[in-house]
Structures are given as C-alpha cells and as structure tokens.
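Some notes on the structure that comes next.
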Amino acid sequence: MHNILSGRNVILGVSGGIAAYKAAELARLLVRAGADVHCVMTAAAREFIGPLTLQTLTKNPVAISLFNLWDEREIGHISLAERADLCIIAPATANCIGKIALGIADDMLSTVVMATRAPLLIAPAMNVNMWNNPAVQENIRTLQGRGVHIIDPECGELACGAEGTGRLADNEAIFERAAALLCPQDYSGVKVLLTAGPTREFLDPARFLSNPSSGKMGYCLARALQWRGAEVTLVSGPVALQPPRGVAHIAVASAREMAAAVEQHYEQARLIIKAAAVADYRPRVQLPRKQKKQAGPLTVELERNPDILAGLGARKGSRVLVGFAAETDDIITHAKKKLTEKNLDMIIANDINRPDAGFESDTNQVCILTAGSEPEHLPCMSKDLLAHAILDRIQKLLH
Ligand code: CTP
C-alpha cells in the first residue's frame, strides 16, 4: 500500500559509536513509512553493526568505501546524494560532526554529506564530556548556523557507564523530525484546535456510556498537522494512544469537559477540526456512589449534551470549521444536513458499518463535502495517509 513517505529518498548515515546498532531500528521505521532508504556507514560504524543488517532492512546496498567510488554502483550513490530528499546522520559521533563542520570529506559518509543539497538532520551520540567539550558545542553551533537540523542527545545512563547528556535521541523522535522535514510546511504557524476520541458519560463511578471511537483518525490528523508546521492543541477523550510529540494535549472525559476545553481554546484557533465522537446524551443523574444491582430492569433517564460543533458554527467568525460525520445510512444526505446546520466549511463523512472504515479501523474510507461543491469520494486508505489528504483539501479553505 502507498505510504506516508513513499517515493522519498532518504540517506541514513551511520557513524561509529555504540549507538550505531540503533540505526537499524531507525532504518526500519523509515522503510515501514515507505521511504527509499540508502545507508552510508563509516569504517568505525562497521565495528559496531554489520552492513548486512542495514542492507537487509532497507533492501538497498550499503555504501561503505570511498575507494569504490568510481565503479558504477558507487557513482549511483553520488547521484543519490543529488536525488536525496533528506540526509540523516544517526548516530553522529564527535568526529563525524567535526568533519562536517570543517568541510572535510575523507570518507564515503562525509563525501556524500558534502555532495548533497538535501536538508541534513544530525542526531549526535557520545560520552557526556565529549558532548560538553567546547569544540563539539562550537561545531554544533556552526552547523545550526548553516541550517543543519540537530536533534539533541538525551540525558541518561551512557554506554560508557557515565550519567549525563549524550544518549542518542529516541528513534521515534528522530523519525518524527525526519518526517516533518520531508513534509511541506504549508500549515506553518497556523493555530489548530482539534478534538479526538470518544467521550464518557458516567452513570456512577463504575459505569459509563460511550462509543467505540479509538481516536486514531484524530491523532493521525494531529501528527500530520504537527509535521506540516501547525501549532496544535488536541483535546482528547480517553484513548489508548500517545499524543504526538510537540502537540499540546488536553485530556477530558465527558462531553461537557470537552466543551469547556474547546471553549478555552477556540478563540485563538484559525482552524478547528472536530474528529471527536461526542456522546449526544448523558445520564440525567450521575450518582456519587456505585449503584447496587436490583431485581428487575433498570431505567436510566438521559439528557442532551451540548452540541459543541454547532455551538462553534454559530460564532465561527473567520475561522475554518471542519466536522466529521459518523453515519450508517444515507451518508451524503445526513452529512450535507450537518454541514449546513452546523455552519461548517467541510464535513468528512464515513460509513461506520464498513469493516475497513470508521471507529477502530487503521484504514478509513470517507467522502468529503464542502459547501457549494460536489461530494468527493476518496478511496480506502490508512488513516495516516487520509489525514494528509484531508489537510491538502483544508489547505485550500485557509486561503
Ligand atoms: N459533535 C459535537 N458535539 C456533539 C455531537 C457531535 O461537537 N454533542 C460533532 C462531532 O465531533 C462531529 C460532528 O459533530 O464533528 C458530527 O457528529 P455525529 O456524531 O456524526 O453527529 P451528530 O451531530 O451527533 O448527529 P447524529 O448523532 O444525530 O447523527
């Protein structure tokens, strides 16, 4: 299946520190996201991890020696340097950083880095004293001044036994930064308020009414927005997902809590996306203590929750307002009605009866409706990809 980084050329440079073994996991994350990954290893890196590992994971030959530079395959690697969309060095040793800062190109990796015009992302990893050495810090500043992206090492126990800053940043964090560098920054500076997940409406401390929303679609949107440069506030009902890095996350439970959080943040937002599956009703009485079971049936009286989106639609000003519609029948008719009645700019309708769409699925198949245009049916795709497809379309409404 087409994936989020499909068709993107990434050079993964690996230099020689103990963290070199972690490059295998990073390569896997990039490949899994669809990137065409070409690894370049220094001689020292090969003391820590075999090229075969990276070659197997990336399904591409690993460039190791400058002295093969002139045979056909290695010339291919120089042309790769030109074609690369991104160059990552993870881990980057003090030596590797020093060479790049000084413009030394004496091995395959430093030569490829010199030859590429792609953005460069460097993830340093070294002993704490080396990291704090003024020469290394100056080299880092030099590189930053030239527009090189640095992902700072983490603090913790180091392989040498010392404690301090020097551990390679988390692979997920490197991957996220890489993905953001590969994305258009078309939401740069746009403040977005996003809601996701279900709400819970408690009857008593042990029981609640809810729905099967997993929050996946909303969280994919949050991540895609973050990658594309937006400032995201994510108001989320209870889900089993980690909020994406760099996103301001507000955890809520009930529809009324969600409404209060939205109220606090809607004013500053330029774009509001309501992907949450809000419960329309709550028990009229919420008991402070657990209700004991009794013989015979139990009747619970429900009362209406506020319609958060409709409330926003009534006073949206120049904001762009996007809703979702979860439907089981007459999808377009119902979604159109919500688009008009809630005064939205766009509504994304999905058929929650389909096994490959809706609440808990990793994929989704939606129809996008905007005022005044024909409904656009999108093919079934991963929620990750769909998030970007939705953002491509919202982008047109922002201008
Ligand atoms: N929504 C909301 N507040 C509610 C109910 C829904 O903000 N109390 C928002 C949802 O986040 C979604 C959109 O309204 O973006 C449509 O939600 P949906 O559940 O599909 O429809 P409802 O408006 O609740 O209508 P119905 O349940 O009758 O289909």
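Numbers for the structure displayed
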| item | result |
| --- | --- |
| The stretch 18-38 residues that are part of a strand (DSSP E or B) and surrounded by fewer than 19 Cβ atoms within 10 Å (Cβ to Cβ), paired with ones that are of a type in the set (S, T, N, Q) and at pLDDT 95 or above (beta carbon under 7 Å, 6 or more apart) | none |
| Residue match in the stretch 344-358 (condition: open to solvent by 40 Å² or more (accessible area, probe 1.4 Å), in contact with a Leu (Cβ under 8 Å, 6 or more places away or on another chain), more than 20 Å from residue 218 (Cβ to Cβ) and without any contact (Cβ under 8 Å) to a residue 60 or more places away in the chain) | no |
| Criterion: in a helix (DSSP H, G or I) and of a type outside the set (Phe, Trp, Tyr) - qualifying residue of 96, 87 | 96 |
| Within the stretch 260-296, considering residues that are more than 25 Å from the chain's Cα centre (by Cα) and aliphatic (A, V, I, L, M), the one farthest from the ligand (Cβ to nearest atom) | 295 |
| Residue satisfying condition, being in contact with a strand residue (DSSP E or B) (Cβ under 6 Å, 6 or more places away or on another chain) and basic (Lys, Arg), within set 167, 207 | 167 |
| Selected residue [surrounded by 17 or more Cβ atoms within 10 Å (Cβ to Cβ), out of contact with any His (no Cβ under 7 Å at 6 or more places or on another chain), not in a strand (DSSP E or B) and not aliphatic (A, V, I, L, M)] from 238, 297, 244, 288 | 244 |
| Selection count where residues are touching a helix residue (DSSP H, G or I) at 6+ places or on another chain (Cβ under 9 Å) and open to solvent by less than 20 Å² (accessible area, probe 1.4 Å), scope the stretch 322-343 | 4 |
| Count of residues meeting criterion [over 24 Å from residue 349 (Cα atoms) and within 14 Å of the chain's Cα centre (by Cα)] in the stretch 178-220 | 8 |
| Subset tally (residues that are assigned to a helix (DSSP H, G or I), closer than 25 Å to residue 179 by Cβ and at pLDDT 95 or above) for the stretch 115-154 | 4 |
| Residue check for residue 304: among the charged types (D, E, K, R), touching a Phe, Trp or Tyr at 6+ places or on another chain (Cβ under 9 Å), touching a residue at least 60 places away in the same chain (Cβ under 8 Å) and within 16 Å of the ligand (Cβ to nearest atom) | no |
| Tally, over the stretch 180-201, of residues that are more than 16 Å from the ligand (Cβ to nearest atom) and on the phi < 0 side of the Ramachandran plot | 11 |
| Unique match (being open to solvent by less than 30 Å² (accessible area, probe 1.4 Å) and in contact (Cβ under 8 Å) with a residue 12 or more places away in the chain) among 387, 371 | 387 |
| Some residue of the stretch 166-189 being in contact with a helix residue (DSSP H, G or I) (Cβ under 6 Å, 6 or more places away or on another chain) and assigned to a strand (DSSP E or B) | yes |
| The one condition in (1) surrounded by fewer than 19 Cβ atoms within 10 Å (Cβ to Cβ); (2) assigned to a helix (DSSP H, G or I) that residue 6 fails to fulfil | (2) |
| Residue ID - farthest from residue 378 (Cα to Cα), chosen from residues in the stretch 307-343 that are near the ligand (Cβ under 10 Å from one of its atoms) and assigned to a strand (DSSP E or B) | 321 |
| Only one of 218, 229 that is in contact with a Ser or Thr (Cβ under 8 Å, 6 or more places away or on another chain), open to solvent by less than 30 Å² (accessible area, probe 1.4 Å) and part of a helix (DSSP H, G or I) | 218 |
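The values are calculated or read from the model by the stated rules, or taken from the named source; none is laboratory data. On a predicted model such as this, the values are computed, not experimentally measured, just so you know. Quick reminder, even Gly has a Cβ in these numbers, built from the backbone with ideal geometry, and neighbours come from all protein chains shown. Accessible surface is based on the protein model in full, side chains and every heavy atom, while ligands, DNA and RNA are left aside. Shrake-Rupley method; radii C 1.70, N 1.55, O 1.52, S 1.80 Å.
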